[in-house]
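J.: Pasting in a structure now, in structure tokens, and then I'll have a few things to ask.
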Amino acid sequence: MHIRFKRLSFEATLVIAVSPFGAWACSDFYAKVPNVSEALCQAAQLRPSGARSVQGRPILVRDLRPLDAHRRVLVVATMHGDELSAASVALHWLQMAQAEPVQTHWRFIPVLNPDGLMRAKPWRMNAHGVDLNRNFPTPQWQRETKIYWEKRTLKDPRRWPGPSPLSEPEAKYLFDEIVRFDPQVIVSIHAPYALLDFDGPVMPPTRLGRLYLDQVGVFPGSLGNFSGVQRGIPVVTVELPSALRTPSDADMRKMWRDLQTWMDKVLAPLDQDTQQASLGGVLPVIPKQTPAKP
């Protein structure tokens, strides 16, 4: 325990700041997520990012930052509110990252779309009915998303890209977080297509656990297009086999290890100046307060 706290640079005030939000989140929307005990959720020590959903729910985040970190990785899940297993896998991976510190600055956003998750029957879109994974700014967004939505999806409401790029606070928060954090890799967890997708300029992983690489193409307004293709930040998209059930504990651990093995192969370590900049770029601790019930 002493060694872990020596290696990890966590502010003591973080636990104080997160307590009311973490307790509320674990008894509220995380209670809807499969295979997540209250103990697992509380141990995640999630805290408010400062961003809120359309309906005012806080988007929670957790940083794990060793002093010797030589890469930055952003993990985001439940961009689609009906993909419940995605949030669970993110929390299980967060626990693994806590238990086995490696030279990686992790930033976890287990539920990007809390409004979609918290509906009586969870749905894909946010509270405005927008598919967040079509709301990111990509070239010719107005034209391309219109053609895609009308011609390819036949105006499927589950895939409406919204009125304009970054019209949604959840997408805008993730966009800003990518700019602030400047990750070397983004891992985006979805379900239920049981495959591994990839967008970016480096060699993709061929498998994570039981999921094998099957690149499904690039869509206008998607995170993979925006980050992987346009910005050159690799996006590993994990499509779990089920939106309602998680893989086994052994499978989740195998996926986690395969991810780290791939990163060791393809990511160059950050240089010393970049590491120092990363150490100075911690998110501000938000003062203790009582959240409003959504």
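J.: Please enumerate the residues belonging to region 129-172 that are touching a Gly at 6+ places or on another chain (Cβ under 7 Å), under 26 Å from Ser85 (Cβ atoms) and not basic (Lys, Arg).
T.: Listed by number, the residues that qualify are Val130, Asn135, Phe136, Pro157, Trp160, Pro161, Glu168.
J.: Related question: Which numbered condition trips up Met96, out of (1) surrounded by fewer than 24 Cβ atoms within 10 Å (Cβ to Cβ); (2) modelled with pLDDT under 95?
T.: Exception for Met96: condition (2).
J.: Next question, about the same structure. Would you please name the residue that is modelled with the lowest pLDDT, looking only at residues in region 259-271 that are loosely packed, with under 15 Cβ neighbours inside 10 Å and outside any helix (DSSP H, G or I)?
T.: My answer is Asp271.
J.: For region 219-236, give me each residue that is among the polar types (S, T, N, Q) and surrounded by fewer than 23 Cβ atoms within 10 Å (Cβ to Cβ).
T.: Within region 219-236, the subset among the polar types (S, T, N, Q) is 222, 225, 227, 230.
Result: Gln230, single match.
J.: Counting only residues that are buried (at least 21 other Cβ atoms within 10 Å of the Cβ) and either in a loop (DSSP other than H, G, I, E, B) or over 12 Å from the mean Cα position of the chain (by Cα) (or both), how many does region 66-91 have?
T.: Taking region 66-91 and keeping what is buried (at least 21 other Cβ atoms within 10 Å of the Cβ), we get 69, 71-81, 83-91.
Next, from what is left, pick out any that are either in a loop (DSSP other than H, G, I, E, B) or over 12 Å from the mean Cα position of the chain (by Cα) (or both): 69, 71-72, 78-81, 83-85.
Qualifying residue count for the region: 10.
J.: Still on this structure, I have one more. Need the failing condition index for Gly116 against (1) touching a Pro at 6+ places or on another chain (Cβ under 9 Å); (2) of a type outside the set (A, V, I, L, M, F, W, C); (3) not in a helix (DSSP H, G or I), just the number.
T.: (3)
The values are calculated or read from the model by the stated rules, or taken from the named source; none is laboratory data. These figures come from a predicted structure and were not determined experimentally. Here Cβ is always computed from backbone atoms with ideal geometry, including for glycine, and neighbour counts include all displayed protein chains.
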